[in-house]
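Structure record follows, encoded as structure tokens.
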Amino acid sequence: MSYQRFVALGDSCTEGIDDPYPGRQHYRGWADLVATRFAQDEPEFRYANLGVRGRRLDQIVVEQIPMAIDLRPDIVALFGGGNDLMMTRSFSSEVVTRRVRAAARLLADTAPTVVLFTLSDVSSRMPVARRMRARIEALNDAIRDAASTFGAVLVDLWPDEAAQDLRYFGPDRLHLGELGHRRVAAHMLRTLDVPFDLSWLAPLPGEPVDPGLLAHAQWMWNAVLPSARTRVMNVLTGRSAGDGFLPKRPDLLPVLSDEREAWSPIPGNV
């Protein structure tokens with residue numbers, strides 16, 4: 001099946017952090033990669049990306065879904081929920097479940113094909129995040145239930161063992177890097193039965209390398225502590241990391257030639 005109008009919604013992962021285009025000032029990410037693959041099958045294909053870093057599900061419902069409705073997509077994908085787990089004074093599974101169901105219900109009326117993602121398990125490889133496992137599981141349960149209830153396509157990232165390999169992540173070990181975004185794009189394409197570059201899901205050569213105590217200490221000092229301070233201040237002040245940022249691609253536009261080059265499939269491996 002080919003698609004003509006694809007809209008991606010969500011937070012920093014949908015925006016594409018930490019997967020910058022080579023030599024350019026903005027991010028690529030899984031949604032751009034999926035759009036580029038869709039464009040190979042449909043000359044009239046158009047793509048919009050409404051993702052903004054720091055956005056919670058309730059903000060996505062209010063800010064992004066109305067924009068998506070106006071664009072009249074034939075496929076819409078939502079990757080979000082992580083900020084509902086971390087950027088809040090207190091966590092409530094009931095509140096998160098209501099937000100997930102509200103988003104899924106609205107999206108079901110927006111496009112014939114709706115794609116939802118569970119989150120991968122980052123808790124076991126990040127000691128400071130171990131307390132988040134129960135929250136991630138609660139969010140994923142809500143996403144799975146909403147996908148079943150509202151007929152959405154579910155891309156289940158929870159079982160993916162690549163979440164334990166730092167080579168798939170950016171410097172902060174939380175946002176996906178280039179290899180991680182390619183892997184998420186491949187999971188979505190495989191779930192939709194769209195042919196893709198099989199190397200994107202192949203195990204990386206060699207074994208994951210333990211960065212060592214010094215690297216862990218530097219990561220804590222340079223990434224974890226500044227991020228924690230920022231999150232605390234945002235929670236206390238009611239601000240978001242995405243305040244002042246706009247969607248990088250608010251209109252349905254063709255995929256550009258340099259975006260097509262970013263796909264770079266391996267001949268004979270699709």
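A few notes on this one:
- Here's how it looks for residue 51: its modeled amide H is under 5 Å from those of 10, 248, which are all 5 or more places away or on a different chain.
- Sorted by Cβ density within 10 Å, fewest first, the residues 46, 144: 144, 46
- Relative to the Cα centre, the charge distribution of segment 38-129, modelled as +1 at Lys and Arg Cβ and -1 at Asp and Glu Cβ, gives a dipole magnitude of about 480 debye.
- Charge dipole magnitude, Cβ of K and R +1, D and E -1 - segment 83-186, Cα centre, debye nearest 20: 300 debye
- Stokes-Einstein D for segment 27-129, Kirkwood Rh over Cα pairs, 4 °C, 1.567 mPa s (µm²/s): 85 µm²/s
- From least to most packed, judged by other beta carbons within 10 angstrom and beginning with the fewest, 188, 1 follow the order 1, 188.
- 3J(HN,Hα) couplings calculated from phi for segment 153-168 with the Karplus curve 6.51 cos²θ - 1.76 cosθ + 1.60 (θ = phi - 60°) are, in sequence order, 7, 9, 9, 8, 8, 4, x, 5, 6, 4, 4, 8, 10, 5, 5, 8 Hz; Gly and Pro show x.
- Within segment 8-82, all pairs of alpha-carbon atoms sorted by distance into 5 Å bins from zero give the percentages 3, 16, 26, 22, 20, 10, 3.
Coordinate-derived values only; no laboratory data. In this text the structure is predicted, and so the values were computed from the model without any measurement. Every residue, glycine as well, gets a Cβ built from its backbone with ideal geometry; the counts of neighbours run over all protein chains shown.
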